[in-house]
1. Explain nothing, just compute: Karplus ³J(HN,Hα) = 6.51 cos²θ - 1.76 cosθ + 1.60, θ = phi - 60°, for every residue of region A:412-427 in order, whole Hz, x for Gly and Pro.
2. For the charge dipole of region A:62-323, defined by +1 on Lys and Arg C-beta atoms and -1 on Asp and Glu C-beta atoms about the Cα centroid, which residue among A:Thr208, A:Pro164, A:Ile219 has the Cα displaced farthest towards the positive pole?
3. Can you list the lysines whose alpha carbon is less than 21 Å from that of A:Lys40, not counting same-chain residues fewer than 8 positions off?
4. Is the shape of region A:208-298 best called rounded, prolate or oblate, per the rule: a/c under 1.5 gives rounded, else a/b larger than b/c gives prolate, else oblate, with a ≥ b ≥ c the square roots of the Cα gyration tensor eigenvalues?
5. Starting at the first residue of region B:296-313, write each ³J(HN,Hα) from the Karplus equation 6.51 cos²θ - 1.76 cosθ + 1.60 with θ = phi - 60°, in whole Hz, x for Gly and Pro.
6. Taking the highest mean first, how do the peptides A:298-307, B:204-213 order by number of other beta carbon atoms within 10 angstrom per residue?
7. For B:58-71, what's the mean count of beta carbons from other chains sitting within 10 Å of each residue's beta carbon?
8. For the pair B:Asn212 and A:Arg8, what calculated FRET efficiency results from E = 1/(1 + (r/R0)^6), where r is the Cβ-Cβ distance and R0 = 30 Å, to the nearest 0.05?
Amino acid sequence: MKMRLLSRKATCNTHGQDSSYFLGWQEYEKNPYDEVLNPKGIIQMGLAENQLSFDFLESWLAKNPDVAAFKRDGKSIFPELALFQDYHGLPAFKKALVDFMAEIRGNKVTFDPNHIVLTAGATSANETLMFCLAEPGEAFLLPTPYYPGFDRDLKWRPGVEIVPIQCTSSNNFQITEAALQQAYQEAEKRNLRVKGVLVTNPSNPLGTTMSRNELNLLIDFISDKDMHLISDEIYSGTVFSSPGFVSVMEILNENNSLKDQVWDRVHVVYSLSKDLGLPGFRVGAIYSNNDTVIDAARKMSSFGVVSSQTQYLLSAMLSDKKFTRNYITQNQKRLKRRQRMLISGLQKAGISCLESNAGLFCWVDMRHLLQSNTFEAEMELWKKIVYDVRLNISPGSSCHCTEPGWFRVCFANMSEQTLELAMKRLKAFVVELTANGCSQSRTEFSSWNSKRKSLPKWVFRLSSRDREQEEP
Amino acid sequence: MLSRKASCDSHGQDSSYFLGWQEYEKNPYHPVHNPAGIIQMVLAENQLSFDIIESWLQKNPDILGLKRDGVSLFRSLALFQDYHGLPDFKNALVDYMAKIRGNKIKFAPNKLVLTAGATPANETLMFCLAEPGEAFLLPTPYYPGFDRDLKWRTGVEIVPIHCSSSNGFRITSSTLEQAYQQAQKLNLNVKGVLVTNPSHPLVITMNRAELNLLIDFAIDYNVHIVSDEIYSGTVFDSPKFVSVIELVMERKLYDADIWNRIHIVYSLSKVLGVPGFRVGMIYSNNETVVTTATKMSSFGMVSSQTQFLLASLLSDEKFTEKYMKETQRRLKRQREMLVSGLRNAGIQCLKSNAGLFCWVDMRHLLRWDSFEAEKELWKKIVCEVGLNISAGSSCHCSEPGWFRICFANMSQDTLRVAMQRMKAFTDSRSSAVESATVYRLRTLKHAASPHYFLQDL
């Protein structure tokens, strides 16, 4: 019998990269908007990048050239840094990072540098936690909608399953006790052993911070079911309006009895990609009070260590408290302003968003523009928006949303002028669409919605429709 | 509560390789502050050529400031997270890799995958080429880190190809066959052979005969060849370095299946002495492997800041010429110091032409021919002589008494001190009647493993 040449991991497509999240990206690459060179091109609104505050970073770098030049107190420390491959991480960087994390949380929580593991980005951190907490075939519960990359990061190599906690617009997609229980039972039906819950807080793609109520619910749930909780707080520095950010660590600190029970089962993931806008530098972290997890994760971080050159640069930057204080405040101001611009632009086009207070995107309600309340209609609308309106946005189905018609639209990765243009194009499109009577009326939509039941299979089947064509 | 991976120890990090390191950390040598401390001779690092790089950095402050032609590239680099890698960097890398191979081969940048070091490169290849429970054959002795890199999270098994000193630890067709049969006995599907070339810890370059053997074996058994060439830039003596890919091209096997089953791993950690910068790569003619490995590199990408710096460094041909020549000269000189220092202490090394260490024969210093005796000797050398070296058993060597001793991570003065200590140690041990007897027995019995030897007795 001929042996498989390559592994199943190499030949399957559970890396999830055939989803529309990535396809839209590809379309953009073929025809990217440029103010001068390609003004009719596709505007990238599917990339959650923070491009609003580089000037602060650049000005800091200009005032501190020695750091990038591998110097400390005027002396070259190049050899020391070049050789530094200790996966415990540069102590000065870990200290600066935990202080920065505390500052983002209003210093209501402190972090111990000995409990942090540096990883080459949050992508690596999340995958590593799966390897540490679950066997292949076990499962994690994730509230929908969720970041499409999780299908790759959590499932691909670790072999972990994701079971969705179905959240709905009826309560602004907040996690409920019932949804949690339903997800757990769904896992049981599928004979999957659930090892924990993974949430992003603030949420991607919703752009909302989790409420204290939700956090308490989660903690009670994992305590009751004896499982882990991973809180991916990669957007924690992007909270720009109230309610403020409450980390799961804060809740634990407040409740001593619960703390004892679940202390070693709550893990936080962080990264500088969103707050500082440095995804290229590959800086992520796992924080946990569980010594065994930290020990194993640290060893696993050998597979994705942060460049010492980068650790050194950022340790100096983040140790500069004047800089961090100013940066955090100004960055949040700018994000708020830009979000307001997007919201008002959408409003002018008769489109509303989920009320949000964080993130680099809005969760936009285009249900009324669908021809029918189906994911096919959502795909149709999405294709029109990408190819005709020339805006790359992310359809909710790629985030496993259970309701068709929601889209994630980014606002922090372009200039104000580009955002204005995007909104103009969108308005023109909506005007044309409604003039032609192509969309559902609002009354039809709300009556359908009240009868709707969540249909998880539909979501998977639809978002895998493209995949099916490619399967051998 | 946690996965088996988290709670077991198949990450291999409790081997003596790491234990000796811990001893050193408690009592590290310093010429002024702690002259009686332990000298670190276990770190395969190239610390001999930093001055050349530092002088280049001095002359190129703009690059450090993330500028080119006076224009700041900070923003585009900060945002650059494309796992296809910075094109300038990949171009510079393939040119450099070709230079190392005397420009006998050209490499294509689109077949290169960047990874955060050779560590994730090797792991990623395992994920791409094998299922959990399948196996790769590795010639012994091998780099202890492979026990973690190849097996831990991937679930792949390693089956050793037992090489022996009788023929200078070269791979033979019978040892290859034997390893394959052993895998069959263990019910393991063999997916390939992984070699380091130049070898770690032997630091000899594979000769054409071995490479051809390997290629024939891979053709016959329809398996992959992974060639970890991380030390290829450290070849300082003849014979010249020959890569497996060169031989496959010489044999004009472009259209054969084997073409798609050769994969090279490389890294800048050893030759440039920059392990902290985490720069590794996979090179393969297999499109699916390249595509998959590229996606998997999301889990361990090279910092764009680092890619930019090294792209500029390696594109500077004047620099690379000077660096390669000078580094080879310094490595050779330092190796000579170690070899002659050991010779002076009555200790031989395997004749090598590359690397940052020597494979040292201390079989005659063993109290008896066993791994227990090797461990005893190792402890003495670490704790009494004050030299942290690696015991051959940690590299899965099948013969006791071999050690890996590094020379490129210290100054000449420190190396001198280390050699003096070694001489003093062997002088004091010259009640060597016992050891001579063991050595005679050893050369009579050509044992592949201690168990085999004991059975014979």
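A short reminder: the numbers here are calculations on the coordinates, not readings from a lab. Please read all numbers here as calculations on a predicted model, not as lab measurements. Positions of Cβ are generated from backbone atoms using ideal geometry, with glycine treated the same way; all protein chains shown enter the neighbour counts.
1. 9, 10, 8, 6, 4, 4, 5, 4, 4, 4, 4, 5, 4, 4, 5, 4
2. A:Thr208
3. A:Lys30, A:Lys383, A:Lys384, A:Lys424, A:Lys427
4. Judged from the Cα gyration tensor, region A:208-298 comes out oblate (a/c at least 1.5, b/c at or above a/b).
5. 3J(HN,Hα) across region B:296-313, in whole Hz: 5, 5, 3, 8, x, 9, 7, 4, 4, 4, 6, 4, 5, 4, 6, 4, 5, 4.
6. Ranked by mean Cβ neighbours within 10 Å, highest first: A:298-307, B:204-213.
7. Mean partner-chain Cβ count within 10 Å for B:58-71: 2.
8. Computed FRET efficiency for A:Arg8 and B:Asn212 comes out at 0.40.
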